[in-house]
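> What follows is a structure written as structure tokens; I'll ask about it next.
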Amino acid sequence: MDFVKEIAEMLAKTNAGLTAEEISGMIETPADTKNGDYAFPCFRLAKTLRKAPPLIAQDIASQLEKPDFVSDIQVVNAYINFYVNKTDTVKSIISQFVENGAAMFKSSIGSEKVICIDYSSPNIAKPFHVGHLRSTVIGNSLKNIYTALGYKVVGINHLGDWGTQFGKLIVAYKLWGDKEAVERDDIKELSRIYVKFHQEAENKPELNDEARSWLVKMQEGDKEALELWQWFCDISMKEFNRIYDRLGITFDSYAGESFYNDKMQAAVEEIREKGLLTTSEGAQIVDLEAYNMPPCLILRSDGGTLYPTRDISAAIYRKKTYDFYKCLYVTALDQNLHFAQWFKVLELMGYSWAADSLVHIPFGLVSLGDGKLSTRQGHVVLMEDILNQAVEKALHIIEEKNPDLADKEKVAEDVGIGAVIFDDMFNTRIKNIVLDLDRMLNFDGETGPYVQYTHARACSILKRAQYNGVSSDIDYSLISDEASIALAKAVGDMGAKVKEAADKNEPYIISRQLIEICKQFNRFYNTNNIMQSEDKQKQARLALVDAAAAAIRFGLALLGINAPESM
RNA sequence: GCACCCUUAGCUUAAUGGAUAGAGCAUUCGACUCCGGAUCGGAAGGUGAGGGUUCGAUUCCCUUAGGGUGCACCA
């Protein structure tokens, strides 16, 4: 039963002068349950009804006839507060779970519309460092969230597999590289010589010229250049895949920058044909002064392509290939201007879809506290090191608290990595993050391990009770204490939170709801002894535990975090 | 210089324009002879500044201070 709808229809019959839909949008859920389950604020009616809001509330309330599912209606100042019967609240949630299982948190509102999500997109031949974590996990979570809402999602890893860094790398490899060392230490060795290149190039600018000429050779299809390029790509992908495997992340497309090499010319021609291209300081640009933005550079003065050229080509290609409803770009906030510029260029090209279907999903900067991460200066923290430390700590805690646990390594992996992922998506994306290992590896309070622990507890009860599925005849009236009701409501809210997370493109909405469910579960757990309750009541409580565990598992899965049954 | 983002408790932060600004960490006091103490309960600690719009502003607008970022041939 949709309580909001029922209440709205009831209110629409009074002299409030609003339709049920309008009222529906005005109904609030009070932060404090003392104020009821639903509330209707009457402030806005003051203008049309020409009366003080508290009097309006009194007046409207007096016209209401209390339906069965409402236990009480109270007027507090300008609010009309509705209290839903506890049994009806619990029943409406658990019966949904009995009927649909975790599918109750999903939806089909996406109706199979296609959403492309461009995320992770690391640069080949550079180490996968903590700076790549955010795009990777946020993008992956959005993919899961949209999928749960019935969208068809295409996850795209737009690899940085072309460009000047390869020219530099080839020069560096030819000067200081060692095949065996590269094969042994793979990307670390590549990274070492890449950093060395930048150090040496400061005093020997001719190295940069050499790098450019190698890039030209790559573009001309030179055999040696392309073989080295392919080799670097293979080495990098091996490392990236190792990390993606650990994070449980997959992609539907790996079409990166090199994929668009033969597609950019057409895009450039199209921009030129549409009369948008002008020459400035030797380069080909699209002037955006009319939109209060600096010009968008399309071609370098030497004719080379640039970042916007590639993104424009890719967007056109993706629209043609996938006919997306939306295309999301999960990249750092500092690329704001870049996206605004090339989105505008596409719009000026006459692609009307560009304005509302291309969306930049920015997130805040990750720093070490003493400056920006920089591959060139070798100032990085490797993703793998962070993951290893987290897993190591998890294993240590398991040895301490639960030494007899089966599959310790696997569980430590789930918990350690869960902690890192959860920490990254606990707050709004836009916040800058100063890397703080103590915080990331803290397993107490509002953290991933807390959520996993709560889930393990719930599983443990179900296991002890030899619970196998809910029976259909549950006496919902046996669940009536405040903690149980609050837990049921937190579980029941998960579906709406998934929609909210998609609307805002904010996975933290899911993290926060998980914390809410767990908090309520632990409160419920501490105030009700489930195993020792009388049989009928035990059955009802077990159903609630089952629903809570399913909701937690579902939410963690949306974030890309595993939920072990014991830990 | 121009543009974008951020500012809430010692720290990290939440709040579709609504009721007493909600949490976690740290600090401190407590809680199973009982389902997992990676837990739970309590205490203490508050919106950078100034205007405006509104019945009502942490939220919207303007000014201002502090911090971060971007702005031509890197991505």
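We did not get these values from a lab; they are worked out from the coordinates using the rules stated. What you are looking at is a predicted structure, and each value in this text was computed from that prediction instead of being measured. Here the Cβ is made from the backbone with ideal geometry for all residues, glycine too, and neighbour counts use every protein chain on show.
> Could you work out the percent of alpha carbon pairs in segment A:1-156 separated by over 21 Å, rounded to a whole number?
Beyond 21 Å sits 61 percent of the P(r) for segment A:1-156.
> When every alpha-carbon pair in segment A:312-438 is counted, what percent end up more than 21 Å apart?
59
> Which whole-number percent gives the relative contact order of segment A:191-295, counting Cα pairs below 8 Å spaced six or more residues apart?
For segment A:191-295, the relative contact order is 7 percent.
> Then there is this: Give me the Debye-computed log₁₀ of I(q)/I(0) at q = 0.13, 0.15, 0.22 Å⁻¹ for segment A:3-84, equal point scatterers on Cα only, no solvent, two decimals.
Log10 of I(q)/I(0), two decimals: -0.33, -0.44, -1.01.
> Still on this model: What are the residues whose amide H is under 5 Å from the amide H of A:LYS152, where those residues sit 5 or more places off or on another chain and H is modelled from the backbone?
Amide H to amide H, under 5 Å and 5 or more residues apart or across chains, A:LYS152 pairs with A:GLU112, A:LYS113, A:VAL114, A:ILE115.
> Which whole-Hz ³J(HN,Hα) couplings does segment A:80-94 yield from phi under the Karplus relation 6.51 cos²θ - 1.76 cosθ + 1.60, θ = phi - 60°, glycine and proline marked x?
9, 9, 10, 10, 7, 3, 4, 4, 5, 4, 4, 4, 4, 8, 5
> Another one. Could you pull out every one of the aspartates and glutamates with an alpha carbon less than 18 Å from that of A:LYS410, ignoring same-chain neighbours closer than 8 positions?
Partners found: A:ASP245, A:GLU384, A:ASP385, A:GLU392, A:GLU399, A:GLU400, A:GLU565.
> Same structure, new question: Which distance in Å, rounded to a whole number, links the C-alpha centroids of segment A:426-482 and segment A:317-336?
For segment A:426-482 versus segment A:317-336, the Cα centre distance is 34 Å.
> A further question follows. FRET efficiency for A:LYS188 and A:GLU534, Cβ-Cβ distance as r, R0 = 41 Å, nearest 0.05?
Efficiency, from the Cβ-Cβ distance: 0.05.
> Amide H of A:THR331 versus every other amide H placed in the peptide plane: which residues, excluding those fewer than 5 positions away on the same chain, fall under 5 Å?
Placed amide hydrogens put A:ILE361, A:PHE363 under 5 Å from A:THR331.
> Let me check against my output: what whole-number percent is the relative contact order of chain A, with C-alpha pairs under 8 Å and at least 6 apart?
Here the relative contact order equals 16 percent.
> State, to one decimal in nm, how far the label point of A:THR29 lies from the label point of A:ASP444, with both points 7 Å from Cα in the Cβ direction.
3.1
> If you don't mind, there's one more thing I want to ask. Normalised by the empirical 2.2 N^0.38 Å for globular proteins, what value does the Cα Rg of segment A:139-291 take?
Segment A:139-291 yields a ratio of 1.31.
> When the Cα centres of segment A:24-94 and segment A:205-271 are compared, how far apart do they sit, in Å?
Cα centres, segment A:24-94 to segment A:205-271: 61 Å.
> Longer than 22 Å from Cα to Cα, which of A:LYS126/A:LYS152; A:LYS126/A:LYS504; A:LYS143/A:LYS497; A:LYS113/A:LYS320 are they? Say none if no pair is.
A:LYS126/A:LYS152; A:LYS126/A:LYS504
> Provide Rg and Dmax in Å for segment A:480-567, with only Cα atoms included in the calculation.
When restricted to Cα atoms, segment A:480-567 yields Rg and Dmax of 13.8, 45 Å.
> Can you work out ³J(HN,Hα) from phi for every residue in segment A:54-68, in order, using Karplus 6.51 cos²θ - 1.76 cosθ + 1.60 and θ = phi - 60°, giving whole Hz and x for Gly and Pro?
x, 5, 4, 4, 4, 4, 5, 4, 5, 8, 7, 10, 5, x, 4
> Here's something else I'd like to know. Would you mind checking which residues have amide H under 5 Å from A:ALA125's amide H? H placed 1.01 Å from N; only 5 or more apart, or other chain.
When sequence neighbours closer than 5 places are left aside, the close amide H contacts are A:SER236.
> Quote to one decimal, in nm, the extra length available between A:LYS431 and A:LYS263 on full extension: 0.36 nm per residue of separation minus the C-alpha distance between them.
Stretched fully, the A:LYS431-A:LYS263 segment lengthens by 56.9 nm.
> Can I ask one more? Among DSSP bridges having both ends in chain A, what percentage is antiparallel? Round to the nearest 5.
55
> Taking just the C-alpha trace of chain A, give me its Rg and Dmax in Å.
28.4, 88
> Helix-only estimate, please: 222 nm mean residue ellipticity of chain A, summing -39500 (n - 2.57) across DSSP H runs of length 4 or more and dividing by its residues, to the nearest 500.
The helix contribution divided over chain A gives -17500 deg cm²/dmol.
> Sequence gap of 8 or more, or different chains, plus Cα separation below 23 Å: how many lysine pairs satisfy both in segment A:3-84?
Within segment A:3-84, the lysine pair count is 7.
> Lys and Arg at +1, Asp and Glu at -1: add these up for the other residues within a Cβ distance under 9 Å of A:TRP162 and post the number.
Result for the local shell: -1.
> For segment A:3-84, calculate the relative contact order in percent as a whole number, restricting contacts to Cα pairs under 8 Å that are 6 or more residues apart.
27
> No other cysteine beta carbon under 4.7 Å away is the test; run it over chain A and list who passes.
Taking the Cβ cut-off of 4.7 Å, the unpaired cysteines of chain A are A:CYS42, A:CYS233, A:CYS296, A:CYS459, A:CYS518.
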